[in-house]
Amino acid sequence: ICLMSHLRKASGSPGSSPSVRQKPISTWKNRMTRSPHSTSISAPVFKRRNNSFSAVIESKDLLLYFYQDTLTKILTCTGLNKVQVQNILAQIDFLLGDAQHQCLQYNKLLGSESKRILEEIAESTLDVLNRQKETKAVIKIQSQVRGWLVRKKLQNLKKEDKSILRIRGSTFTKLLRSEKAYMDTLEDLLLTYIRPISRNENQSKFGHAAVNYLVGNLDSLFSYHQKFYDKLVGICDNPLFPRILPLGDALCEASAELRTAYMTYTNNYIPCIETIHHLRSTTPRFQVFVSEKEQNSESLEELFGLPLQYLLVLAGRLRSLHSCSLPIIENETRTLGRAIGIVESIDLACAKILDEQEEPQAFENIRNTLVVELSISGLKDPLLGVPNRQLLKDGAVRVLKMKNPCQVYLFN
């Protein structure tokens with residue numbers, strides 16, 4: 001911002017190019033969000049479109065080179081890749097007027113105001129670097145103190161107890177990694193498949209009902225696991241880890257949310273899978289879209305099946321932690337036992353839902369109802385949303401003054 005301010009002040013005429021102000025801000029945003037594979041931006045930047053400045057960038061004694069080099073380094077520090085940096089620099093070049101470009105090309109000496117601004121930037125940069133050193137030292141001290149506290153707590157333990165605590169810490173670390181991998185898989189499912197389908201519902205013409213079954217409650221499920229993972233990270237960062245693991249408390253507090261999320265997901269699972277099969281066989285655009293995505297990841301059906309296995313895996317990890325018990329953590333062990341019971345009860349409830357839906361009569365009803373629902377446009381609520389709704393009969397009915405007969409579906 002300071003550099004841009006200097007450029008406008010140095011030119012003596014802020015906004016010297018009237019056409020620049022007429023460009024909409026959407027142009028700036030669209031170019032900033034250009035695909036990383038875009039090749040439409042070419043170096044060097046900070047030049048007019050007639051290429052009159054295409055050679056001066058090689059001369060490092062000009063202000064032009066200094067500003068571009070400095071901005072490039074600042075933008076790179078923010079984590080942007082090379083193409084994104086080039087896009088932003090090209091937009092800055094687009095905003096500068098002819099007078100400002102001439103100022104960059106011909107001014108060899110900085111004015112007093114420009115010197116003051118650059119001196120402030122230099123001071124701020126040094127201040128940031130000094131604070132980074134201090135922060136790094138503080139973090140190192142905190143790490144040493146945490147290690148000392150843990151070692152002090154372990155000094156009075158027996159050798160067998162120390163071994164159990166080491167196994168306890170290793171098991172929890174595996175749980176943390178497993179949770180992170182599962183959360184990444186959910187995010188991949190959302191970003192790769194669900195959100196593109198949801199955003200382009202009207203253009204894709206998959207149908208509102210089909211999109212509803214595909215989206216389900218994946219967003220709320222992912223949100224729950226983000227919060228749960230943050231709690232696990234907080235437990236791991238505790239100075240008394242692995243002696244104190246309030247994992248049972250974390251699960252018991254969020255048990256209602258966990259139960260709702262997974263039972264809702266399980267209720268929607270078979271309709272979702274049947275919807276995928278229906279779209280694969282009837283909608284070429286959907287098949288093409290999914291096939292392109294599946295080249296770099298698991299199949300869509302496999303990704304949707306992973307949440308059904310999660311609760312069983314989680315219960316197994318919790319049981320491994322529960323087996324690493326000590327007398328000094330007796331209360332925590334009891335709480336963890338209650339959490340295991342909660343997770344296993346939710347898993348059993350979800351398995352019961354699947355068993356009921358997979359019974360031949362219920363499964364056939366789900367399939368027939370979905371065929372009806374996916375063939376009708378404009379339905380606000382899903383037909384499967386009502387418990388025990390069954391398709392009784394369907395057929396054609398001829399209506400007076402209508403050329404073609406109506407198809408009628410009768411539900412209980």
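If LEU191 satisfies all but one of (1) modelled with pLDDT under 90; (2) open to solvent by 30 Å² or more (accessible area, probe 1.4 Å); (3) out of contact with any Phe, Trp or Tyr (no Cβ under 9 Å at 6 or more places or on another chain); (4) not assigned by the TED database to the domain that holds GLN295, what's the number of the condition it fails?
(4) is the only condition that LEU191 fails.
I'd like the residue in segment 212-259 that is of a type in the set (Gly, Ala, Ser) and open to solvent by 20 Å² or more (accessible area, probe 1.4 Å) and, out of all such residues, is nearest to TYR182 (Cα to Cα).
Within segment 212-259, the first condition is being of a type in the set (Gly, Ala, Ser), and the residues that meet it are 216, 220, 223, 234, 248, 250, 254-256.
The next check asks that each one be open to solvent by 20 Å² or more (accessible area, probe 1.4 Å); those that pass are 216, 220, 223, 234, 255-256.
Working: GLY216: 18, SER220: 15, SER223: 13, GLY234: 18, SER255: 19, ALA256: 20 Å.
By that ranking, first place goes to SER223.
Among (1) closer than 30 Å to SER325 by Cα; (2) outside any helix (DSSP H, G or I); (3) not small (Gly, Ala, Ser), where does PHE206 come up short?
Single failed check for PHE206: (1).
Name the pairs whose Cβ atoms lie under 6 Å apart, with the first residue in segment 259-286 and within 15 Å of GLY216 (Cβ to Cβ) and assigned by the TED database to the domain that holds SER345, the second basic (Lys, Arg) and open to solvent by 10 Å² or more (accessible area, probe 1.4 Å), and 6 or more positions between them or separate chains?
So the pair list comes out as GLU274/ARG367.
Taking helices (runs of 4 or more DSSP H) that do not extend beyond segment 242-330, which have at least 3 residues that are polar (S, T, N, Q)? Outline the logic, then answer.
Values: elements: 247-253, 255-282, 284-294, 300-323.
The qualifying helices (runs of 4 or more DSSP H) are 255-282, 300-323.
Against the definition (under 38 Å from the mean Cα position of the chain (by Cα), basic (Lys, Arg) and closer than 23 Å to LEU232 by Cα), how does LYS133 come out, yes or no?
On the way: under 38 Å from the mean Cα position of the chain (by Cα): yes; basic (Lys, Arg): yes; closer than 23 Å to LEU232 by Cα: no.
In short, no.
Filter segment 293-304 for residues that are open to solvent by less than 90 Å² (accessible area, probe 1.4 Å) and either under 13 Å from ALA351 (Cβ atoms) or without any contact (Cβ under 8 Å) to a residue 12 or more places away in the chain (or both) and give the result.
To start, the set of residues in segment 293-304 that are open to solvent by less than 90 Å² (accessible area, probe 1.4 Å) comprises 293-294, 297-301, 303-304.
Residues satisfying the conditions are GLU294, GLU298, SER299.
Before we move on, is LYS352 surrounded by fewer than 16 Cβ atoms within 10 Å (Cβ to Cβ), closer than 22 Å to ILE273 by Cα and modelled with pLDDT of 90 or more? Outline the logic, then answer.
On the way: surrounded by fewer than 16 Cβ atoms within 10 Å (Cβ to Cβ): yes; closer than 22 Å to ILE273 by Cα: yes; modelled with pLDDT of 90 or more: yes.
Against the criterion (surrounded by fewer than 16 Cβ atoms within 10 Å (Cβ to Cβ), closer than 22 Å to ILE273 by Cα and modelled with pLDDT of 90 or more), LYS352 qualifies.
Can ARG334 be described as more than 18 Å from TYR262 (Cα to Cα), at pLDDT below 90 and not assigned by the TED database to the domain that holds GLU257?
Values: more than 18 Å from TYR262 (Cα to Cα): yes; at pLDDT below 90: yes; not assigned by the TED database to the domain that holds GLU257: no.
For ARG334, the condition - more than 18 Å from TYR262 (Cα to Cα), at pLDDT below 90 and not assigned by the TED database to the domain that holds GLU257 - is not met.
Within segment 120-137, is there a residue that is acidic (Asp, Glu), in contact (Cβ under 8 Å) with a residue 60 or more places away in the chain, over 29 Å from ALA315 (Cα atoms) and outside the structural domain of LEU245 (by the TED database)? Outline the logic, then answer.
Within segment 120-137, the first condition is being acidic (Asp, Glu), and the residues that meet it are 120, 123, 127, 134.
Subsequent filtering for residues that are in contact (Cβ under 8 Å) with a residue 60 or more places away in the chain retains 120.
This time we only want the ones that are over 29 Å from ALA315 (Cα atoms), so: 120.
Filter once more, so that each one left must be outside the structural domain of LEU245 (by the TED database): 120.
Yes, segment 120-137 has at least one match.
Within the set of pairs 6 or more residues apart or between chains, which connect a residue that is modelled with pLDDT under 70 inside segment 152-165 to a residue that is in a helix (DSSP H, G or I) with Cβ atoms less than 6 Å apart?
LEU154/LYS162
Residues that are exposed (fewer than 12 other Cβ atoms within 10 Å of the Cβ): list the helices (runs of 4 or more DSSP H) wholly contained in segment 82-172 that include at least 3 such residues.
On the way: elements: 82-95, 98-106, 112-155.
Ranges flagged: 112-155.
The values are calculated or read from the model by the stated rules, or taken from the named source; none is laboratory data. Computed from a predicted structure; not experimentally measured. Using ideal geometry, Cβ is built from the backbone for each residue, glycine included, and neighbour counts are taken over all protein chains shown. To get the accessible areas, we keep the full protein, side chains included, count just its heavy atoms, and leave off ligands, DNA and RNA. Shrake-Rupley method; radii C 1.70, N 1.55, O 1.52, S 1.80 Å.
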